[in-house]
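The values are calculated or read from the model by the stated rules, or taken from the named source; none is laboratory data. Note that the structure is predicted; figures quoted are calculated from it, not measured. With ideal geometry, Cβ positions are generated from the backbone for all residues, glycine too; neighbour counts draw on all protein chains shown. The area values use the complete protein model at the heavy-atom level, side chains included, leaving out ligands, DNA and RNA. Shrake-Rupley method; radii C 1.70, N 1.55, O 1.52, S 1.80 Å.
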Amino acid sequence: MFLKQYLQRGNHWIKQNMPGYCDFCLAPAAQGSGWCDACADELPWNLYACRQCGEPVTQGQRLCGHCLTEPPAFLATQAGLLYQGVIKELIHDFKFNASPRAGVLLCELMLMTQPQLTGQAFVSVPMHPANARERGFNQSYWLAKQLSHRLAVPLHTAQRVKRSRSQRTLNRRERASNLADAFAFQMPPPQHLVIIDDVMSDT
């Protein structure tokens, strides 16, 4: 029994780390994709989203209530998938386990739902050096670098100069205050930037 379970786990790991198999159900993947058509249809797509912040809205609604009353400083957001289910697991695996396979899949999913306007350059959300040392890599920079290469858009860089507390438990106003004066550019950025991150928080 133990040997059978061991072999099953080994077979699962091998398929999950080899091309040609769906990363979600391990069935044969669609041509040129990391997932099968059935799993792609079941992903938590953000079908109706506020065009400014990306929050889910009802069909036909262009802006959410927050953006109508307190518009954010940015013009638009492209968040093609909701942070739930297998997508949440995929991001966690990439962010905290540095899984290359998860990173590639996230990049492919972002390319499927890329924004109509790509701006003059991409910039990733920078990490404070102390956080980067703890985690070992900046997942946002990794994604931005991949997207920059694939879409032929220049990659601009910024620095995190203030080590702020986590944004996870903060509301919109607290998040803005928490990140005040937290970032700096070494060189003047272009007028139109696209900010790349793995998760779009409630702004």
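Could you give each residue of the range 21-31 its phi-based ³J(HN,Hα) in whole Hz, using Karplus coefficients 6.51, -1.76, 1.60 with θ = phi - 60°, and x for Gly or Pro?
10, 5, 6, 9, 10, 6, 6, x, 7, 5, 4
Given 0.36 nm per residue, what is the gain on full extension from residue 173 to residue 149 after removing their alpha carbon distance, in nm?
Length difference between fully extended and current span is 5.2 nm.
Enumerate the amide H contacts of residue 155 below 5 Å, restricted to partners 5 or more residues apart or on another chain; note that Pro and chain-start residues carry no placed amide H.
Those lying under 5 Å, H to H, from residue 155 are 122.
What residues have an amide H closer than 5 Å to that of residue 21, excluding those fewer than 5 places away on the same chain, when H is modeled at 1.01 Å from N in the peptide plane?
Correct list: 29.
Compute from the Cα atoms of the range 74-203 the Rg and the Dmax, the latter being the longest Cα-Cα distance, and quote both in angstrom.
14.4, 39
With a 10 Å radius around each residue's Cβ, average the other Cβ atoms per peptide and rank 51-63, 161-173, highest first.
Per-residue Cβ counts within 10 Å, averaged per peptide and sorted highest first, yield 51-63, 161-173.
Taking 2.2 N^0.38 Å as the expected size of a compact globular protein, what ratio does the Cα radius of gyration of the range 15-112 give against it, to two decimals?
With N residues counted in the range 15-112, Rg over 2.2 N^0.38 Å equals 1.25.
So with the 1.4 Å probe, I'd like the accessible area per residue for the range 79-190, rounded to whole Å².
That works out to 60 Å² for each residue.
By its C-alpha gyration tensor, with a ≥ b ≥ c as the square roots of the eigenvalues, how is the range 80-122 shaped: rounded for a/c under 1.5, else prolate for a/b larger than b/c, else oblate?
Prolate is the answer for the range 80-122, as a/c is 1.5 or above and a/b outweighs b/c.
Quick one: if you stick a label point 7 Å off each Cα along the C-beta vector at residue 133 and residue 45, how many nm between them?
That separation, rounded to one decimal, is 4.5 nm.
In nm, give the distance between the simple-model label positions of residue 201 and residue 68, each being 7 Å from the Cα along the Cα-to-Cβ direction.
Each label point is offset 7 Å from its Cα along the Cβ direction, giving 2.6 nm.
About its Cα centre, how strong a charge dipole does the range 14-161 have in debye, to the nearest 20, once Lys and Arg get +1 and Asp and Glu get -1 at the Cβ?
Value, rounded to 20: 480 debye.
How large is the Kirkwood hydrodynamic radius of the range 65-146, in angstrom, based on all distinct alpha carbon pairs?
That comes to 14.5 Å for the range 65-146.
Out of 63, 131, 81, whose Cα points farthest toward the positive end of the dipole of the range 29-172 (charges: +1 Lys, Arg; -1 Asp, Glu; placed on Cβ)?
The listed residue farthest towards the positive side: 131.
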